[in-house]
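Just below is one structure, and these are the notes that go with it.
The values are calculated or read from the model by the stated rules, or taken from the named source; none is laboratory data. Quantities reported herein were computed from a predicted structural model and do not represent experimental measurements. Quick reminder, even Gly has a Cβ in these numbers, built from the backbone with ideal geometry, and neighbours come from all protein chains shown.
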Amino acid sequence: MLARLLVMPIMARMRALVVTIDTEEEGRWSSSYPATGNSVGNIACLPRVQQVFRRTGAVPTYLVDYPVASDPAARAILARFVQDDGSEIGAHLHPWCNPPFGSNGKTRRDTYPHNLPVADQRAKLEELCAVLEKGFGSRPRTYRAGRWGFDHTTVPVLEEMGFTVDTSVTPLWWDRGDGGPAFARAPHRPYRLNRADACRPGDSTVVEVPMSHLVVGAHGRALEGIVRLTGPAPGLRRVLVGLGLRSLRPEQHSLSEMRAVADTIAARGLTVFNVMFHSSVALPGATPYAKRAEDVEEFCRRLEGILEHIVSHLSARPMALRDVPAFLGASILSGGAR
């Protein structure tokens, strides 16, 4: 009993809270992918959301794409978050609006970064990193692929360019679109990426901090085991959602649903709470999640509620995404995958 009491506070201190924000142009839900002329007016609405982070102590990681990084007004707003609040700037690649533009990027399949030739992935990320470094004074070290378009082909590119953390993987999820990513078998725990299979731990210098996405309830582990055994199957995801598949996404889920996810993460001994949303939710009407100003306020209430729950009730330490590997340490990252 004494040993258990001593271990519990240690495990609580080993929990980390990150907030990862796809910081991007509006129009993501229009089913069109223009190369130029993208509006980034939503960035001007982010100070309202930043207030939530200040009150809760959360340290947001803004994963910024090319249209935002190349807009002076948007850049100035984000730079203030970095200077005043210690927010982090990472990279977010939307291939269709990120130069250089060549023969690829013309089809829906090419909107997933991992479907591009490795040379094109590298060229676009180099361009993105250059504009981020020029605008914010340092190169990004954290990354998320646009449309979650990530697989093992991107891992060497991230290594070469000095990235230390990726957060593109969503366990138990796959995209039914043409050439979409498949993460059905991915671990829940952070792990070093594998250069042959992004859903298996390996020895890459890049650490994967996956999305918080699991099946809540007593039957959760058993259902997840079936998915990992069978892989993607028609209709399976819909069944999983009906049986309790949820995530820490305040755009999509109620506060009570997210609390259940967070409590399950803690009960399983998982180490990272990864709360995610899109920057454009801050602009009324820019997403299906917040059509009116009052919807944005409700989103902020849900966001604040789940952050408070994770910090106050589950004893997680807020931090930037870049700090997760050092916080967890080598022993955690090389431990069990699930």
Across region 230-248, which residue is surrounded by the fewest Cβ atoms within 10 Å (Cβ to Cβ) among those that are among the aliphatic types (A, V, I, L, M) and touching a strand residue (DSSP E or B) at 6+ places or on another chain (Cβ under 7 Å)? Leu243
Residues of region 305-334 being small (Gly, Ala, Ser), assigned to a helix (DSSP H, G or I) and under 17 Å from Ala262 (Cα atoms), in sequence order, are Gly305, Ser312
Cross-chain or 6+ apart pairs with Cβ under 9 Å, region 289-300 first and over 14 Å from Arg249 (Cβ atoms) and of a type in the set (Gly, Ala, Ser), then surrounded by fewer than 16 Cβ atoms within 10 Å (Cβ to Cβ) and at pLDDT below 95: none
Say whether the condition of being surrounded by fewer than 23 Cβ atoms within 10 Å (Cβ to Cβ), hydroxyl-bearing (Ser, Thr, Tyr) and within 22 Å of Asp175 (Cα to Cα) is met by at least one residue in region 252-268. no
Mind checking which residues of region 100-153 are buried (at least 17 other Cβ atoms within 10 Å of the Cβ) and of a type in the set (Val, Ile, Thr)? Thr111, Val131, Thr142
Search region 128-145 for residues that are assigned to a loop (DSSP other than H, G, I, E, B) and pair each with any residue that is of a type outside the set (A, V, I, L, M) and buried (at least 24 other Cβ atoms within 10 Å of the Cβ) when their beta-carbon atoms are under 8 Å apart and the residues are at least 6 apart or on different chains. Pro140/Gly90; Pro140/Phe163; Arg141/Gly90; Arg141/Phe163
Kindly indicate the residue of region 1-25 that is at pLDDT below 95 and part of a loop (DSSP other than H, G, I, E, B) and also surrounded by the fewest Cβ atoms within 10 Å (Cβ to Cβ) among those meeting that condition. Met1
Could we say that Arg249 is under 21 Å from Leu321 (Cβ atoms), outside any strand (DSSP E or B) and basic (Lys, Arg) here? yes
